[in-house]
Amino acid sequence: MPLVSINARPAAVEVDLTRAAVLVNDMQNAFCAPSGYLDRIGFDIAPAAATAAKVEQFCTAARAAGLPVVLMQNGFSPDYHEAPGPASPLWHKSNALRYMRAHPEEQGRILTRGTWDYELIETLRPQSGDLLIQKAADNGFAGTDLDRLLRARNINTVFVCGISSNVGVESALRAAYHLGYFGIMVADACMAVGPPFMQEATEFNIASFFGWVASVHDISESFGSTKP
């Protein structure tokens, strides 16, 4: 069993790399690109390019170490059946759906499958061996095959990165914890949405209650230091 010790908060954590996978959250034009969804509704996407570079660096190291990479993609079917109307909380709380209702000319252009906005950015599209999870909820485990696919590969640890720290990333880490997975937030390969303190708050939440927090460097360095 090839164990590695990863320097993390709140304490170092040992991981069996043969049972670990990477979850990459929502690295789409919608969240990363100028004129994408986040930019359109007024959030600061300035850190997105640096975050994307860190995610790519981490995925490259993980693939080289033999870890499965799962790319998660957030959005809706063209008929929006995932949020059928006011009886659905998603209909009320999705900023994308609210924005399109307020701007009918944008209908079908924001976080909708088959559109540029929905696509993964060019540097983080699936490679051979990667898995793709399409989801309509922030939590990548909700309403998807993610849990089944991980268990079929005997995975018990997930490294989670991407956008946004305080929404999809945190949602996935909370869900992973409650499903019995060890969850590690790859902090410098994540970008929060909202006030600057949201990144710090998310890291505090994960380290205190749901998992561990580590850097790309510390995790990647451990990939070459297995021990019996």
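Here is how the numbers come out for the structure above:
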| quantity | calculated |
| --- | --- |
| Condition met for residue 51 (of a type in the set (S, T, N, Q) and touching a Pro at 6+ places or on another chain (Cβ under 7 Å)) | no |
| Count of residues meeting criterion [crowded, with 23+ Cβ neighbours inside 10 Å and of a type in the set (Ser, Thr, Tyr)] in the stretch 33-64 | 2 |
| Sole exception among (1) closer than 24 Å to residue 61 by Cα; (2) at pLDDT below 95 for residue 94, by number | (1) |
| Among residues of the stretch 182-203, those that are free of Cβ contacts under 8 Å to residues at least 40 places away in the same chain, open to solvent by 10 Å² or more (accessible area, probe 1.4 Å) and not in a strand (DSSP E or B), counted | 8 |
| Failed criterion for residue 68 (all others in (1) more than 18 Å from the chain's Cα centre (by Cα); (2) farther than 26 Å from residue 193 by Cβ; (3) surrounded by fewer than 21 Cβ atoms within 10 Å (Cβ to Cβ) hold) | (1) |
| Qualifying residue in the stretch 44-56 (condition: under 20 Å from residue 145 (Cα atoms), touching a residue at least 40 places away in the same chain (Cβ under 8 Å) and out of contact with any Ser or Thr (no Cβ under 7 Å at 6 or more places or on another chain)) | no |
| Single unsatisfied condition, residue 170 versus (1) within 16 Å of residue 37 (Cβ to Cβ); (2) among the charged types (D, E, K, R); (3) crowded, with 22+ Cβ neighbours inside 10 Å | (1) |
| Residue check for residue 51: of a type in the set (Ser, Thr, Tyr) and under 23 Å from residue 152 (Cα atoms) | no |
| For residue 225: the one exception among (1) more than 26 Å from residue 33 (Cβ to Cβ); (2) open to solvent by 10 Å² or more (accessible area, probe 1.4 Å); (3) at pLDDT 95 or above | (3) |
| Matching entry among 110, 121 (being open to solvent by less than 30 Å² (accessible area, probe 1.4 Å), under 11 Å from residue 26 (Cα atoms) and among the β-branched types (Val, Ile, Thr)) | 121 |
| Test: residue in the stretch 40-63 that is over 20 Å from the mean Cα position of the chain (by Cα) and of a type in the set (S, T, N, Q) | no |
| Residue selected from the stretch 1-32 under the condition out of contact with any Pro (no Cβ under 7 Å at 6 or more places or on another chain) and either part of a helix (DSSP H, G or I) or of a type in the set (D, E, K, R) (or both), by the criterion most open to solvent (accessible area, probe 1.4 Å) | 9 |
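The values are calculated or read from the model by the stated rules, or taken from the named source; none is laboratory data. All values reported here derive from a predicted model rather than from experimental measurement. When we count neighbours, we look across all protein chains shown, and the Cβ atoms used for this are built from the backbone with ideal geometry, even at glycine. Note: accessible area is taken over every heavy atom of the protein model, side chains too, but ligands, DNA and RNA are not part of it. Shrake-Rupley method; radii C 1.70, N 1.55, O 1.52, S 1.80 Å.
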